1. How about segment 258-272: which of its residues are more than 16 Å from the chain's Cα centre (by Cα) and either of a type in the set (Phe, Trp, Tyr) or open to solvent by less than 10 Å² (accessible area, probe 1.4 Å) (or both)?
2. For ILE34, indicate whether it is within 30 Å of THR211 (Cβ to Cβ), crowded, with 19+ Cβ neighbours inside 10 Å and either in contact with a helix residue (DSSP H, G or I) (Cβ under 6 Å, 6 or more places away or on another chain) or aliphatic (A, V, I, L, M) (or both).
3. Suppose we filter segment 288-327 for residues that are open to solvent by 40 Å² or more (accessible area, probe 1.4 Å), of a type in the set (A, V, I, L, M, F, W, C) and in contact with a Phe, Trp or Tyr (Cβ under 9 Å, 6 or more places away or on another chain); how many remain?
4. Tell me, which strands (runs of 3 or more DSSP E) wholly within segment 251-325 include 1 or more residues that are farther than 16 Å from PHE57 by Cβ and among the hydroxyl-bearing types (Ser, Thr, Tyr)?
5. For LYS241, indicate whether it is basic (Lys, Arg), touching a residue at least 60 places away in the same chain (Cβ under 8 Å) and farther than 26 Å from TRP107 by Cβ.
6. Restricting the search to segment 43-59, which residues are open to solvent by 50 Å² or more (accessible area, probe 1.4 Å) and closer than 13 Å to ALA13 by Cα?
7. Which members of segment 1-23 meet the condition of being closer than 25 Å to LYS277 by Cβ, among the charged types (D, E, K, R) and open to solvent by 30 Å² or more (accessible area, probe 1.4 Å)?
8. hydroxyl-bearing (Ser, Thr, Tyr) and open to solvent by 30 Å² or more (accessible area, probe 1.4 Å): which single residue out of TYR62, TYR40 fits that description?
Amino acid sequence: MQASQGTFGHDVAFLKRHQDVLVLTSPDNDSAQIAVIGAYQGRVMTSTANGAGGNSFGWINYKLIESGRYQPHMNAFGGEDRIWLSPEGGQFSVYFKPAAPFTFDEWQTPAIIDTTAYTLDKATGSEAVFSKTASLTNHAGVTFDIRIERKVSVFSKTAIAGLFPDTDLTGVNVVGYETANTLENTGADWHRDKGVLGIWILGMFTPSPKTTIIAPFTSTYSEKLLLTDTYFGKVPADRLKVLDQAVIMRADGNHRSKIGLAGLSARPFAGSYDAGKGVLTIVQYDLSPTGDYLKSTWEQHNDPYGGDALNAYNDGPLADGSQLGPFYELESNSSVKALKKGETLTHHHRTFHFEGPADKLAPIAKAFLGVDLQTDLNW
């Protein structure tokens, strides 16, 4: 019997028709599973909290994968957790050749984070390690020799309970996993004034009219909220709200919009809530409030180390009416440093999906995202 669309079983069957798929399972919860593809850079394509018949949480670009063809500039295969490198734009970008203008025609995603298959170094029932080497040249003409390693691990339900203390998970289906992403400098020493590289993790999810992105913030280090909401033009007021403890944005896939929080304002959590399906998604990531974060806007930067720690994106139609998705994204960035030869930078990004009745999910959202699901997310 063929699994119905929208289920984990359907998506795994589809992916297996086109690539080798590694399904990892929680050590103490057979219903919690993730699908990983080494050919897509050790990417976590999707996950489930309720086995093959449960909801498939990741957005998958079926059309592109089925075509078997690469696209120019980048290949948006989809996936809940994929690795990119920062910065995307600016004088230290590795997406634009030296002296090239910052235009779409000149923009090219490096193969190491787009089309290159990673080597599977290790695999168990709940964990896998992938790696790959590359040489990249940035917009300033500086070459970086690097090795990337991704360790993907599915958490036990016991471990998740420990990561979310004082949380009652009775009657809640949950899946959680981590990617430990390590960037090693295998070549010449890096220098701050000539550019460095950072780790950028992006998760793509399926939008809906009842889904809201939640980006909690803190005023510990600054009284001013360091929020950027003008990446694709100012996000309209009816799509973005600043609450007492969080910024919320519609994740309906109907309007192209992006926000970012600087390290001083961000918290090490972000998420989304799909009120229709009863799914609370939380990402947790390494955060260095006073660290250096690379800017990725397509322009020369006066302060290239004053970028965002957290980003969130809602897809929408382009000016010509075409649309890549729809999907929405939750993204985290590593802080950066000038690595000497042999030194490494590691960034952890964790994704959790809690599936259950609103009264069970509300305390989790309040404790870790700072929002009241019943009152704060009403549009």
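The values are calculated or read from the model by the stated rules, or taken from the named source; none is laboratory data. All values reported here derive from a predicted model rather than from experimental measurement. All Cβ positions, even for glycine, are placed from backbone atoms using ideal geometry, and neighbour counts span all protein chains on display. When the accessible area is computed, the model is the full protein with side chains, heavy atoms only, and any ligands, DNA or RNA have been set aside. Shrake-Rupley method; radii C 1.70, N 1.55, O 1.52, S 1.80 Å.
1. GLY263, SER265, listed by residue number.
2. For ILE34, the condition - within 30 Å of THR211 (Cβ to Cβ), crowded, with 19+ Cβ neighbours inside 10 Å and either in contact with a helix residue (DSSP H, G or I) (Cβ under 6 Å, 6 or more places away or on another chain) or aliphatic (A, V, I, L, M) (or both) - is met.
3. 1
4. Filter on segment 251-325 gives 257-262, 279-285, 308-314.
5. no
6. Initially, segment 43-59 is screened for residues open to solvent by 50 Å² or more (accessible area, probe 1.4 Å), giving 50, 52-53.
Residues satisfying the conditions are ALA52, GLY53.
7. Within segment 1-23, LYS16 is the sole residue that qualifies.
8. After ruling out the rest, the residue left standing is TYR62.
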